[in-house]
Amino acid sequence: MRLKLLSLFALLLVLTNVKVFSVEKNKNNGWCGSSIPSMAWEDQLQRIMANQRANANGRQQQINYTIPVVVHVVYYTNNATQNISAARLQSQINTLNADYAGTGLNSNTLPSAFSALKANTGITFCLAKLTPNNVVMNIPGKDSVDARAKGWSNPGTTGWDRTFIDGTIKPATIWDPNYYLNVWVVPGIASTGGGTILGYATFPGLTGLGGMPTDAGNPLNDGFVCRSTYFGTNGTTSLGRTATHEIGHWLGLRHIWGDATCATDYVDDTPTAETSNYTCYGTAHVTCGNGPNGDMYQNFMDYTGDNCMALFTVGQSARMQTTMLNGDFRKNIKNSPVCDTVKQKPAAKFTALMQNAALCATSKTFDFTDKSLFAPTSWSWTFQGGTPSSSTIKNPTGIVFNTSGLHDVTLTATNARGSNSITIQVNVPIVGTGTLPLAEGFEGTAFPPLGWDVVNRNGNPAVNWDVITGYSAYGTGNKCMRFDNTSLDGKFQKDDIMTPKINFTGVTQATLKFDVSHAPYFGPVTGTIDEHLWDTLEVLITDNCQTTTQRLYRKGDSVLATVMPGQGDEFYPAANQWRTDSVAIPVAYLNKPNVQIIFRNYGDYGHTIYIDNVNISAPNLTPSATANFTSSDSTVCVGGSLTYTNTSTATAGSPDSVRWTIGGGTPS
């Protein structure tokens with residue numbers, strides 16, 4: 001897997017509590033390593049905030065939150081520098097609570113113009129006392145992780161790189177982010193720019209809101225990473241403000257200068273600034289016409305030293321409150337009970353994984369994995385439409401479903417404290433039949449849609465086509481399907497999604513149309529030189545479940561793109577960034593049953609391919625009829641009777657009406 005650096009910041013050395021400037025090509029300079037959030041993310045947050053203000057009659061209501069913190073102290077050498085003490089952990093919590101309450105160091109020495117804007121955010125932090133396994137922690141909040149025992153490499157003097165931290169350390173150690181703010185304290189974080197990285201955090205995914213873009217959080221990656229010497233109070237090296245700044249990102253704040261020259265941080269009460277500040281001037285530092293008060297270099301989201309930072313503003317507090325109400329994981333953490341030592345009944349959770357199956361299989365097999373918290377001791381499962389229909393083992397495997405569509409799966413997890421149940425619908429994709437015209441906009445509750453099927457070829461069933469909410473072709477609708485090449489490494493394999501089987505009998509002409517949107521990746525791949533990563537979309541046709549196929553369409557690189565040039569950050573399409581492509585159904589597949597269209601992603605780990613409004617239609621030709629009939633005899637006596645039989649035919653279907661005229665007959 002290639003390392004793809006999505007506009008990461010360089011991170012810099014702190015000497016005697018002053019953060020020192022360093023340069024890294026094509027990246028914003030500074031000591032913070034959190035990735036710049038996309039504009040789609042920002043647009044989404046702004047709309048949510050506006051909606052909340054409207055619902056609160058123009059004034060957003062502040063709620064008090066307590067966030068449980070677990071600190072995964074990952075050490076290679078078991079000494080006080082790497083395996084930091086419980087006292088250091090508590091000192092960091094003390095700093096966070098004072099800073100977020102507006103009572104931290106220097107908070108009473110701000111200029112009067114800024115002091116009036118200082119906020120008590122209503123957010124406090126506690127060290128977790130209960131593990132996900134329902135065990136009371138010996139040292140609150142501390143999860144010691146011995147890197148040598150895990151078989152991980154020596155970080156040396158440069159530290160582990162972000163690929164290793166995010167791809168190996170985090171997934172192996174993370175506790176459920178719905179219940180814990182995960183912090184990783186590591187000996188060092190490698191930098192490609194020559195500076196010393198202090199830390200970085202994940203921005204919140206804002207999900208579950210109708211009509212809003214979706215940028216879901218990653219349950220294996222969410223949290224904050226910090227170099228061990230800069231966590232908590234550590235002599236003159238650290239006063240704990242690195243965590244204050246990075247957790248500000250975790251709560252939805254951007255840098256105060258907007259990550260560009262005289263840009264916006266989308267907060268009304270923070271002055272526009274030309275760039276980041278590293279100097280605590282002591283007097284007004286005027287840039288971008290922000291006089292007389294100048295830059296708010298005392299803000300926690302600037303780059304000044306720990307002994308200069310002093311405030312979050314009321315506007316920044318409003319953003320954090322919005323994040324706590326709506327953010328992925330953050331909106332659940334307020335209900336977490338883990339700051340107490342009282343053991344809990346289970347919190348039922350599970351995951352479902354569909355096994356790879358033969359093409360056009362008439363059944364699908366699923367494996368289910370219990371992810372319940374707080375140490376259940378027994379499990380009760382029910383599988384609607386599954387064989388078997390129930391189970392009492394922890395992780396049932398090989399559950400077979402013979403009908404397509406949504407099926408309820410319920411888990412009840414129990415321990416000595418009580419029981420808890422959860423029901424999740426799993427979608428079983430089995431190839432079905434469709435009729436002309438076929439029109440699919442992916443707006444339904446199930447994906448793949450009923451009768452569609454997915455074919456995984458990369459070896460990982462979790463890497464495949466899916467649906468995204470909040471984006472649709474030309475702004476019509478609210479969903480489309482995608483292959484997320486930005487996040488998912490398809491290993492240069494071809495992964496398919498197939499339409500239902502369509503009967504083309506009697507059809508002499510047909511057309512496939514669909515809407516597509518794509519922008520290629522362009523940025524640093526394995527170093528500092530910007531490169532393109534090109535993804536490819538193929539469309540194929542089959543009438544025998546891919547025993548044979550014919551290619552209808554293949555586009556890649558700039559030919560596939562609807563937006564150029566490429567970009568480093570993930571691409572989310574605007575309404576006007578789509579293209580409608582059209583291909584004719586080949587003559588060889590006309591007048592045949594069981595015809596399927598295949599959309600195939602051939603990924604280069606570049607950027608997402610979006611597909612919407614798949615339509616297959618035949619011209620609306622008016623059929624013609626040819627009249628004909630037979631008679632029971634050719635002659636008849638006066639007063640006798642004859643029987644006439646209609647044998648008329650039509651170019652499509654059969655005649656739908658007849659009219660007889662019988663000269664001299666009764667009736668006539």
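The values are calculated or read from the model by the stated rules, or taken from the named source; none is laboratory data. From a predicted model like this one, the values you see are computed outputs, not experimental measurements. FYI the Cβ positions are ideal-geometry reconstructions off the backbone, even for glycines, and counts take in every protein chain you see. SASA here: full protein model, heavy atoms, side chains in, ligands and nucleic acids out. Shrake-Rupley method; radii C 1.70, N 1.55, O 1.52, S 1.80 Å.
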| remark: PRE zone check, label point 7 Å out along Cα-to-Cβ of ASN133, amide N under 17 Å, scope segment 355-375, hits 370-375
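Given +1 on the Cβ of Lys and Arg, -1 on the Cβ of Asp and Glu, and no further charges, what dipole in debye does the chain carry about its Cα centre, rounded to the nearest 20?
Numbers: 44 positive and 47 negative charges, 252 e Å.
That gives the chain a dipole magnitude of about 1220 debye.
Step by step: find N for segment 131-179, compute 2.2 N^0.38 Å, then divide the Cα radius of gyration by it. What's the final number? Present the calculation step by step, with values, prior to reporting the outcome.
On the way: Rg = 12.9 Å, N = 49, 2.2 N^0.38 = 9.7 Å.
Scaled against compact globular proteins, the figure is 1.34.
How big is D for the chain, in µm² s⁻¹ as a whole number, if Stokes-Einstein is applied with the Kirkwood radius of its Cα pairs at 4 °C and 1.567 mPa s?
Values: Rh = 28.5 Å.
In µm²/s, the coefficient rounds to 45.
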| Hey, if you put +1 on the Cβ of every Lys and Arg and -1 on every Asp and Glu Cβ in the chain, which of PHE374, LEU533, PHE447 ends up farthest toward the positive end of that dipole? | PHE374
| note | Carbon/sulfur accessible area of the chain, % of total, 1.4 Å probe, equals 50 percent
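How much net charge surrounds ASN356 when only other residues with a Cβ under 13 Å from its Cβ are counted (Lys, Arg +1; Asp, Glu -1)?
On the way: positive: LYS364, ARG457; negative: ASP367, ASP453, ASP495, ASP496.
Local charge sum for ASN356: -2.
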| remark: Given backbone amide H placed at 1.01 Å from N, residues whose amide H is under 5 Å from that of SER35, ignoring those fewer than 5 places away on the same chain, are ALA201
| said: On a full-extension model of 0.36 nm per residue, what is the gain between ASP633 and CYS262, subtracting their alpha-carbon distance, rounded to one decimal in nm? | reply: 123.8 nm
| task | For ARG551, tell me the accessible area in Å² from a 1.4 Å probe, rounded to the nearest 10. | result | 130 Å²
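Which sequence of TRP152, TRP250 reflects their accessible areas, 1.4 Å probe, from the largest down? Intermediate values should be presented prior to the final figure.
On the way: TRP152 30, TRP250 0 Å².
Result of the area sort, largest leading: TRP152, TRP250.
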| message | Among ASN234, THR647, GLY258, which residue has its Cα furthest toward the positive end of the charge dipole of the chain, with +1 on Lys/Arg Cβ and -1 on Asp/Glu Cβ? | response | ASN234
| message | Below 8 Å, C-alpha to C-alpha, sequence gap of six or more: please give me the relative contact order for the chain in percent. | response | 12 percent
| For a paramagnetic label modelled at 7 Å from the Cα of THR626 toward its Cβ, which residues of segment 635-649 fall within the zone defined by backbone nitrogen distances under 19 Å? | 645-649
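Pull out the extension gain between THR81 and ARG47, defined as 0.36 nm times the separation in residues minus the alpha carbon to alpha carbon distance; nm, one decimal. Don't jump to the answer; show the numbers that get you there.
On the way: separation 34, 0.36 × 34 = 12.24 nm, distance 4.42 nm.
In short, 7.8 nm is gained.
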| With every protein chain left in place, what is the accessible area of VAL587 in Å² (1.4 Å probe, nearest 10)? | 120 Å²
| request: Tally the DSSP beta bridges in the chain and give the antiparallel ones as a percent, rounded to 5. | output: 80 percent
| query | Residues of the chain: accessible area per residue at 1.4 Å, in Å²? | reply | 43 Å²
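By how many nm would the segment from SER558 to ASN293 lengthen if fully extended, with 0.36 nm per residue of separation less the alpha-carbon distance?
Values: separation 265, 0.36 × 265 = 95.40 nm, distance 4.78 nm.
Here the segment from SER558 to ASN293 would lengthen by 90.6 nm.
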